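Comments concern the structure below.
The values are calculated or read from the model by the stated rules, or taken from the named source; none is laboratory data. As the structure is a computational prediction, the values presented were derived from the model and not from experiment. Cβ placement follows ideal geometry from the backbone for every residue including glycine, while neighbour counts extend to all protein chains displayed.
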């Protein structure tokens, strides 16, 4: 485990926030936690500035907000610059990166996760309180079962992540059976409905290669529905759009996983 040590100091924190501080990050001395927010999954847009230009960076995953307040008997005065310098030095020491001119926004790879930090501070020679935002990037655990029919009725399509293929191949893997059954059950329950099976990829590889691969995967699903599920071929079309319609960034592994998907579109 990587530990980013700014300073360590023991004092009483707000009871509900006593476990909010991640084990890899320690606070400045003389400060206690006065308030906090935590979500096992949330999205935050980090805004920072380079050369006067605003840069926006969206991250999602385990989300923390922590408010630190100076304890009454602390005699040291910490400036805003001192706080930012301490945190940025700690991040850089662990091979992280500082993203902006004022050193308010930083990233580091910690315990094999990309972690983004932001400390918005005012220009003060004696900071009484400061705040830190932390996002440990991760894709959300899907805990609500997809209702294919409701999704198609509402959006005209349903997104499936459970139909799996080996890298660069179009043969359906055996563990895809449950997701394929959902399509079969929907089509059997709605015998007049016709669908288009649409394959999507991330942007790894060539554009032409991904277009061919996504179409081949969609065709494999169509063939499965005809030969195994006994769905009339006249009700089915297949198409591939490669990396043309991402739902997330291809700059991270989490984003690529979201972009590799199958969509069932109602004709």
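A few points about this structure:
- Flag if residue 143 is within 30 Å of residue 157 (Cβ to Cβ) and at pLDDT below 90: yes
- Screening the stretch 75-94 for residues that are in a loop (DSSP other than H, G, I, E, B) and surrounded by fewer than 19 Cβ atoms within 10 Å (Cβ to Cβ) and picking the one that is modelled with the lowest pLDDT gives 94.
- Reported count of residues in the stretch 236-267, each being crowded, with 17+ Cβ neighbours inside 10 Å and within 27 Å of residue 191 (Cβ to Cβ), is 7.
- Filter result for residue 188 (part of a helix (DSSP H, G or I) and either at pLDDT 90 or above or at positive phi (or both)): yes
- Single condition residue 193 does not satisfy, out of (1) part of a loop (DSSP other than H, G, I, E, B); (2) touching a helix residue (DSSP H, G or I) at 6+ places or on another chain (Cβ under 7 Å); (3) in contact (Cβ under 8 Å) with a residue 12 or more places away in the chain; (4) closer than 30 Å to residue 60 by Cα: (4)
- Residue check, residue 93 touching a strand residue (DSSP E or B) at 6+ places or on another chain (Cβ under 9 Å), closer than 30 Å to residue 221 by Cβ and in contact (Cβ under 8 Å) with a residue 40 or more places away in the chain: no
- Members of the stretch 25-74 found to be in a loop (DSSP other than H, G, I, E, B), in contact with a strand residue (DSSP E or B) (Cβ under 9 Å, 6 or more places away or on another chain) and surrounded by fewer than 18 Cβ atoms within 10 Å (Cβ to Cβ), listed by number: 26, 71, 74
- Cβ-Cβ contacts under 6 Å between residues 6 or more apart (or on different chains), taken from a first residue in the stretch 210-227 that is on the phi < 0 side of the Ramachandran plot and in the same structural domain as residue 238 (by TED's automatic domain parsing) to a second residue that is surrounded by fewer than 18 Cβ atoms within 10 Å (Cβ to Cβ) and assigned to a helix (DSSP H, G or I), are listed as 226/233.
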